[in-house]
Structures are given as structure tokens and as C-alpha cells.
1. Restricting attention to the range 13-37, which residues are part of a loop (DSSP other than H, G, I, E, B), touching a residue at least 60 places away in the same chain (Cβ under 8 Å) and of a type in the set (S, T, N, Q)?
2. Residue check: is residue 10 open to solvent by less than 30 Å² (accessible area, probe 1.4 Å), of a type in the set (A, V, I, L, M) and at pLDDT 95 or above?
3. Could you pull out the residue among 23, 42 that is open to solvent by less than 80 Å² (accessible area, probe 1.4 Å) and more than 16 Å from residue 79 (Cα to Cα)?
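The values are calculated or read from the model by the stated rules, or taken from the named source; none is laboratory data. All of these numbers come straight from a predicted model, not from anything done at the bench. Note: ideal-geometry Cβ built from the backbone for every residue, glycine included; neighbour counts use all protein chains shown. All accessible areas refer to the heavy atoms of the entire protein, side chains included, with ligands and DNA or RNA removed. Shrake-Rupley method; radii C 1.70, N 1.55, O 1.52, S 1.80 Å.
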Amino acid sequence: MAKRLVGSQLFVSGLSFYTTPKDLKRLCSPFGPITEARLVVDPRTQRPKGFGFVTFESQVDAHNALKVINGKIIDGRLIFVEVAKPVTPKEGADTTK
């Protein structure tokens, strides 16, 4: 995963199961340049789980997107946006690999 500024990645939940990464990028692109827009998919069915992540080049752009998009209805669904939490290794996990 590419290195990012803390606060430049947003967690977007409540998305329609028909939303594509392209749709997610199009939704957020008016707020600034995006380096990544991805949806989390079920590994068995390969269908989106209804949430994803958008990474902006700038924390300011991410903050502006969060303020405007959070709580909006998109594709008939109420979506929620928050700053993504950093991934921390699980306790007991081998991080030397």
C-alpha cells in the first residue's frame, strides 16, 4: 500500500452494493486529486461489502470531502464518511515478513 499522509484517507460506509470504484472516485473527485478509490469486497463472492476507502493527495481536500459528503444520500443510500483509522498489526502477528 502506498504511503499516505495521516488524515488524507477517508472511510466511506453505507454505499450501495452496486457502487463501483469508479463511482466512488467520481463522487469524491470534485474535492481534489485522488490517489486511490477502492471498495472492500467479499473474498468468496467478489461482491462489494458496501464500504470503501478514498485517498486524497491532500488532507485539506479529504477534510472538505468529509464535510460535504458525510450524511448525504447517494444512490438511495445514506452514506457516512470519516477519517480512516491507521491499520495496526494484530497482537501476536509476525511483522518480520
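1. Step one: of the range 13-37, the residues part of a loop (DSSP other than H, G, I, E, B) are 14-20, 32-33.
Filter again for touching a residue at least 60 places away in the same chain (Cβ under 8 Å), leaving 14-16.
Passing the criteria: only 16.
2. Numbers: open to solvent by less than 30 Å² (accessible area, probe 1.4 Å): yes; of a type in the set (A, V, I, L, M): yes; at pLDDT 95 or above: yes.
Yes: the conditions hold for residue 10.
3. Numbers: 23 fails: more than 16 Å from residue 79 (Cα to Cα).
None of the other options fit; the residue is 42.
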